[in-house]
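Participant: Okay, here's the structure, questions in a sec.
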Amino acid sequence: MGPAAAEPPPAISSPMDCISRFDDDNLDYVGDGWADALVSAVNGISLRCGDERSGVVHIGHPDSNGKTHPVSAETQNFFLGCFRTIASSGRAQPDNKFPESRTRYEIFYGRDEFQGAPLTKTGTLIVDNERGFVYTMFTSGSTKSPRGNDWRGCAEGSAA
Amino acid sequence: MGAPVRYFAAQFLEGVGLNVVAVDRTQPVAATVSLTGEVRDVVSWADAVLPPSAAAWPNRRIGVEGDRLVVQDLPDGKPVLVSVSTDGSLAATAARDESAVKWRYPRLLSAIPKSVGSWEFISRRDGYRLTAEVTNGGTWSAGRGSIVAHAVLGDVAVVAIRRADVRPWVFDPQHELVVLDGRSAAPKPASIASIDISDRCWPSRRADSVPLLRDYLTHSFGDVAALRQRGGRDVRVHIAGFGGSPVIEVEFSLDTAPGKRFVRRDEPFDELGNLAGLAFWNVIFDDESFDLLAEGPVDDQGRIVV
């Protein structure tokens, strides 16, 4: 049995489509298939609109069950660039929390420091091994942007 | 010590006739409430269908067919028909395939639609804190938590408020039901009495699941490694509750918050006994704001609960 598909998502959705569709009063987000809507696919890794637990909504929507790493119309191309960079050239290793089922991809794109301690700017993707979808994506190690969403630095491989 | 009382936790609300039917977030229980806030009936289908065998999100969906609701647990539970009489009495039976129904899915921290007619149902997030309010001309502040379901019938709205923040993660949030009279300048609230459904639930398989704890600890210790990479110091892991409700506590200090102790509490099995916990919800130390976590509540040992 499957949900009715009243308004199926397009073949490719933008991150901001995901965010706004999740808030759309007139849409059956899950029933119409938006949770699985594809945003970008690289190297067998698919970024999807997702929901509170995974994908773009988990990463960037205030209803996320985690820390929100905001995505905006101004930053969504950097957000996508960050995803593509990590997915295409990130170092892959079993995620130490789920070594059998998830892979962690990381890029190191610069250095910073905080109170004299060195920081490595890192972009991270956590990916489901079986289905290839992204659980979450975040950045760390930059003091010039709030933790988690240095999308530009990650995409360009330079200081934020 | 006996088992804790399980109170009804509405995740879905539907107006049927002159009543509102509420369906629990997990347990096989529905209730009808009148527009004056009386509980008219409570029904359980614990004996009619099996509980879900794995955690899922969304974990449940409902559909409406006239004076009947269809409830199905995901990913592959057997549908249940809940019939609603005009006096609000309920009857539940296992159903055949219900492919024609238009399903509705739950939201974790909000409700869709956000407005119905002149009513607006608002959940606000500030860091990890949540507050809710309802407007209909004037505003009623619902306090801490988020509105996860609502039903509007004429001048009256019924809302379900999940009384929890984003952090610390709450595994068994209380869901309060409130009736709002929209005929005044601002919505006038009347709480609906809590419904004890302890004897209407599926039996928990938690005690049988305890051997799975060994595998779950891979996640816990992986997360401790991430915590240490991010400045966690003097980390202690306590595991308790082997009688059937295991709890893993990770207690730690942070270089950036000298003199403070923090604790994260994880319950690896959900109330049905399926493996879930913080691992299922992807709540991991790599991806947290410690500044925001430091604003969490303090427990009776003086630790900040994160």
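Participant: If we scan the range B:41-54, do we find a residue that is of a type in the set (Ser, Thr, Tyr) and open to solvent by less than 20 Å² (accessible area, probe 1.4 Å)?
Facilitator: The answer is no, given that none of the residues of the range B:41-54 is of a type in the set (Ser, Thr, Tyr) and open to solvent by less than 20 Å² (accessible area, probe 1.4 Å).
Participant: With more than 30 Å from residue B:110 (Cβ to Cβ), modelled with pLDDT of 95 or more and facing chain B (nearest Cβ under 10 Å) as the only criterion, which of A:94, A:99 stands out?
Facilitator: When all the criteria are applied, what remains is A:94.
Participant: I would also like to ask the following. Looking at residue B:171 and the list (1) aromatic (Phe, Trp, Tyr); (2) within 11 Å of chain A (Cβ to nearest Cβ); (3) under 17 Å from the mean Cα position of the chain (by Cα), which single condition is not satisfied?
Facilitator: Status for residue B:171: all satisfied but (2).
Participant: What tally of residues in the range B:95-125 results from selecting those that are more than 10 Å from chain A (Cβ to nearest Cβ), under 24 Å from the mean Cα position of the chain (by Cα) and open to solvent by 40 Å² or more (accessible area, probe 1.4 Å)?
Facilitator: Matching residues across the range B:95-125 total 1.
Participant: Consider residue A:48 against the criteria (1) in contact with an Asp or Glu (Cβ under 7 Å, 6 or more places away or on another chain); (2) within 21 Å of residue B:111 (Cβ to Cβ): it satisfies all of them except one. Which criterion is unmet?
Facilitator: Condition not satisfied by residue A:48: (2).
Participant: Next up: Among the residues of the range B:265-304 satisfying the criterion of being away from chain A (no Cβ under 11 Å), in contact (Cβ under 8 Å) with a residue 60 or more places away in the chain and over 19 Å from the mean Cα position of the chain (by Cα), which is most open to solvent (accessible area, probe 1.4 Å)?
Facilitator: B:295
Participant: Within the range B:205-221, is there a residue that is surrounded by fewer than 20 Cβ atoms within 10 Å (Cβ to Cβ) and outside any helix (DSSP H, G or I)?
Facilitator: yes
Each row is one residue, and each column tells you yes or no for (1) touching a Leu at 6+ places or on another chain (Cβ under 6 Å); (2) of a type in the set (S, T, N, Q); (3) over 22 Å from residue B:157 (Cα atoms).
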residue: B:42; (1), (2), (3): no, no, no
residue: B:48; (1), (2), (3): no, no, yes
residue: B:56; (1), (2), (3): yes, no, yes
residue: B:67; (1), (2), (3): no, no, no
residue: B:73; (1), (2), (3): no, no, yes
residue: B:80; (1), (2), (3): no, no, yes
residue: B:83; (1), (2), (3): no, yes, no
residue: B:89; (1), (2), (3): no, yes, no
residue: B:92; (1), (2), (3): no, no, yes
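Participant: In the range B:247-263, how many residues are over 17 Å from residue B:222 (Cα atoms), open to solvent by 30 Å² or more (accessible area, probe 1.4 Å) and assigned to a strand (DSSP E or B)?
Facilitator: 4
Participant: Specify the residue that is modelled with the highest pLDDT; the eligible residues are those in the range B:4-40 that are open to solvent by 20 Å² or more (accessible area, probe 1.4 Å) and in contact with a helix residue (DSSP H, G or I) (Cβ under 7 Å, 6 or more places away or on another chain).
Facilitator: Selected residue: B:6.
Participant: Restrict the check to the range B:257-264 and report whether at least one residue is touching a strand residue (DSSP E or B) at 6+ places or on another chain (Cβ under 6 Å) and among the small types (Gly, Ala, Ser).
Facilitator: no
Participant: Now, a different point. In this structure, does residue A:73 turn out to be in contact (Cβ under 8 Å) with a residue 24 or more places away in the chain, under 17 Å from the mean Cα position of the chain (by Cα) and part of a helix (DSSP H, G or I)?
Facilitator: No: the conditions fail for residue A:73.
Participant: Hey, another quick one. Within the range B:187-200, does at least one residue satisfy the condition of being of a type outside the set (Gly, Ala, Ser), open to solvent by 20 Å² or more (accessible area, probe 1.4 Å) and more than 21 Å from residue B:31 (Cβ to Cβ)?
Facilitator: Within the range B:187-200 (the criterion being of a type outside the set (Gly, Ala, Ser), open to solvent by 20 Å² or more (accessible area, probe 1.4 Å) and more than 21 Å from residue B:31 (Cβ to Cβ)), the answer is yes, since at least one residue qualifies.
Participant: Could you check how many residues of the range A:35-51 are more than 12 Å from the chain's Cα centre (by Cα) and within 11 Å of chain B (Cβ to nearest Cβ)?
Facilitator: Within the range A:35-51, residues that are more than 12 Å from the chain's Cα centre (by Cα) and within 11 Å of chain B (Cβ to nearest Cβ) number 1.
Participant: Taking residue A:24, is it over 22 Å from residue A:149 (Cβ atoms) and open to solvent by 60 Å² or more (accessible area, probe 1.4 Å)?
Facilitator: Here the answer is no, as residue A:24 does not meet what is asked.
Participant: Give the range A:117-132 a look and list any residue that's within 12 Å of chain B (Cβ to nearest Cβ) and either surrounded by fewer than 21 Cβ atoms within 10 Å (Cβ to Cβ) or of a type in the set (Ser, Thr, Tyr) (or both), or say none.
Facilitator: A:117, A:119, A:120, A:122, A:124, A:128
Participant: I'd like to check something: does the range A:78-91 contain any residue that is part of a loop (DSSP other than H, G, I, E, B), away from every other protein chain (no Cβ under 14 Å) and open to solvent by 40 Å² or more (accessible area, probe 1.4 Å)?
Facilitator: no
The values are calculated or read from the model by the stated rules, or taken from the named source; none is laboratory data. Keep in mind that what you see is a predicted model, and the values were worked out from it rather than measured. A quick note on method: Cβ atoms are made from the backbone with ideal geometry, for glycine too, and the neighbour counts reach across all protein chains shown. Note: accessible area is taken over every heavy atom of the protein model, side chains too, but ligands, DNA and RNA are not part of it. Shrake-Rupley method; radii C 1.70, N 1.55, O 1.52, S 1.80 Å.
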